[in-house]
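Heads up, the thing below is written out as structure tokens.
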């Protein structure tokens with residue numbers, strides 16, 4: 001029993017020591033790296049279809065999806081990156097190929113794609129975005145609109161080189 | 001208490017009120033602008049959910065014997081049929097959503113969806129399946145009556161709370177006011193029957209099992 005307790009105490013002490021000394025140790029290089037990469041959101045890749053083509057706009061338009069693409073670390077804007085967008089809209093379901101489209105980021109790393117009005121599906125009005133061109137690690141985003149009345153939605157990417 | 005209540009309010013009024021409570025939320029959902037952007041399977045799945053909530057309203061009324069002109073035995077029998085309907089509605093709801101968007105339903109079932117309300121929905125689903133299983137096993141398992149009732153009503157209570165939170169948090173086809181009123185009614189009646197039947201006690205109110 002005594003050995004048991006001792007072992008447990010040792011393990012606990014070691015754990016606490018590791019947390020105290022290890023956590024700042026981990027944080028320092030992260031801080032040195034600067035801007036952290038955007039993690040993929042839960043459910044972000046749902047109904048994703050690879051290879052959506054670059055379009056002027058998706059369907060009839062009327063709703064704007066926009067955002068920025070920057071590099072992890074120094075936060076430099078990344079031009080010419082392909083961002084795919086899809087959502088449940090007034091013109092189709094997430095799974096419909098015509099609900100999907102892609103655009104490229106400008107010189108300042110921003111993108112803007114017109115698409116049909118997003119309407120609530122599966123309980124929330126939300127959109128999907130993907131970066132999956134390979135130069136950087138793949139990221140799937142699923143931003144939610146504060147209100148179904150909104151006519152625009154924003155999503156920002158911070159990418160880490162693959 | 002029930003006897004007095006029955007004498008005060010004519011039976012026809014209670015039945016009419018029940019009909020309104022069930023029909024109005026369904027009718028209001030039928031006018032949802034969101035239906036225009038959905039295909040038939042998704043619409044069916046949504047309405048199965050609305051119907052399930054309406055059936056949840058009937059269950060405490062039947063279990064508590066609050067409905068006029070129904071014998072306890074008859075009310076119990078209808079309670080079982082409504083329970084079967086409830087399970088069917090939930091299966092159609094989840095099945096229809098699966099057909100509409102498999103990854104979203106898979107995420108919900110695995111408790112990894114980004115939507116908080118889906119957790120409540122999935123918990124309510126398992127609870128209603130459990131409550132139905134308890135009902136099916138009533139004569140097959142050797143449980144004390146009070147233990148059986150406590151198990152069944154606990155699962156029923158989880159079903160109700162889970163379903164109500166699920167529905168209230170969702171931005172779906174249900175119209176907000178009718179949705180909240182129906183949910184409040186379901187919660188209140190469930191609480192009432194649990195208290196009236198004193199489900200936590202080991203005594204039986206009626207000497208014989210029905």
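The values are calculated or read from the model by the stated rules, or taken from the named source; none is laboratory data. Since the structure is predicted, the reported quantities are computational estimates derived from the model, not experimental observations. All Cβ positions, even for glycine, are placed from backbone atoms using ideal geometry, and neighbour counts span all protein chains on display.
What the table below lists for this structure:
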{"item": "Test: residue in region A:126-137 that is part of a strand (DSSP E or B), at pLDDT 95 or above and within 12 Å of chain B (Cβ to nearest Cβ)", "result": "yes"}
{"item": "Conditions (1) in a helix (DSSP H, G or I); (2) at pLDDT below 95; number of the one not met by residue B:201", "result": "(1)"}
{"item": "Residue that is surrounded by the fewest Cβ atoms within 10 Å (Cβ to Cβ) [pool: residues in region A:107-125 that are more than 14 Å from chain B (Cβ to nearest Cβ) and part of a loop (DSSP other than H, G, I, E, B)]", "result": "A:107"}
{"item": "Which numbered condition residue B:98 fails, given (1) touching a residue at least 40 places away in the same chain (Cβ under 8 Å); (2) away from chain A (no Cβ under 11 Å)", "result": "(1)"}
{"item": "Flag if residue B:117 is modelled with pLDDT of 95 or more and not in a helix (DSSP H, G or I)", "result": "no"}
{"item": "Pair list, Cβ under 7 Å, 6 or more apart: region A:111-140 residue on the phi > 0 side of the Ramachandran plot and not assigned by TED's automatic domain parsing to the domain that holds residue A:85, other residue part of a loop (DSSP other than H, G, I, E, B) and surrounded by fewer than 23 Cβ atoms within 10 Å (Cβ to Cβ)", "result": "none"}
{"item": "Those helices (runs of 4 or more DSSP H) lying entirely in region B:1-75 with at least 2 residues under 16 Å from the mean Cα position of the chain (by Cα)", "result": "B:11-30, B:40-63"}
{"item": "Number of positions in region B:106-126 that are within 21 Å of the chain's Cα centre (by Cα) and either within 7 Å of chain A (Cβ to nearest Cβ) or over 17 Å from residue B:161 (Cβ atoms) (or both)", "result": "3"}
{"item": "Subset of region A:47-101 (residues that are farther than 25 Å from residue B:106 by Cβ, within 14 Å of chain B (Cβ to nearest Cβ) and outside any strand (DSSP E or B))", "result": "A:59, A:60, A:62, A:90, A:91"}
{"item": "Sole residue being loosely packed, with under 14 Cβ neighbours inside 10 Å and over 21 Å from residue B:183 (Cβ atoms), chosen from B:13, B:41", "result": "B:13"}
{"item": "Check on residue B:133, at pLDDT below 90 and either under 20 Å from the mean Cα position of the chain (by Cα) or outside any helix (DSSP H, G or I) (or both)", "result": "no"}
{"item": "Scan of region A:138-154 for residues that are under 9 Å from the mean Cα position of the chain (by Cα) and within 14 Å of another protein chain (Cβ to nearest Cβ), ordered by number", "result": "A:140, A:141, A:142, A:143"}
{"item": "Unmet criterion (only one of (1) buried (at least 18 other Cβ atoms within 10 Å of the Cβ); (2) facing another protein chain (nearest Cβ under 9 Å)) for residue B:132", "result": "(2)"}
{"item": "Inter-residue pairs, beta-carbon under 6 Å, first free of Cβ contacts under 8 Å to residues at least 40 places away in the same chain and in region B:26-38, second not in a loop (DSSP other than H, G, I, E, B), 6+ apart", "result": "B:26/B:50"}
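Per-residue answers, yes or no, for (1) away from chain A (no Cβ under 14 Å); (2) not in a helix (DSSP H, G or I):
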position: B:138; (1), (2): yes, yes
position: B:143; (1), (2): yes, yes
position: B:150; (1), (2): yes, no
position: B:162; (1), (2): yes, no
position: B:165; (1), (2): no, no
position: B:168; (1), (2): no, no
position: B:188; (1), (2): yes, no
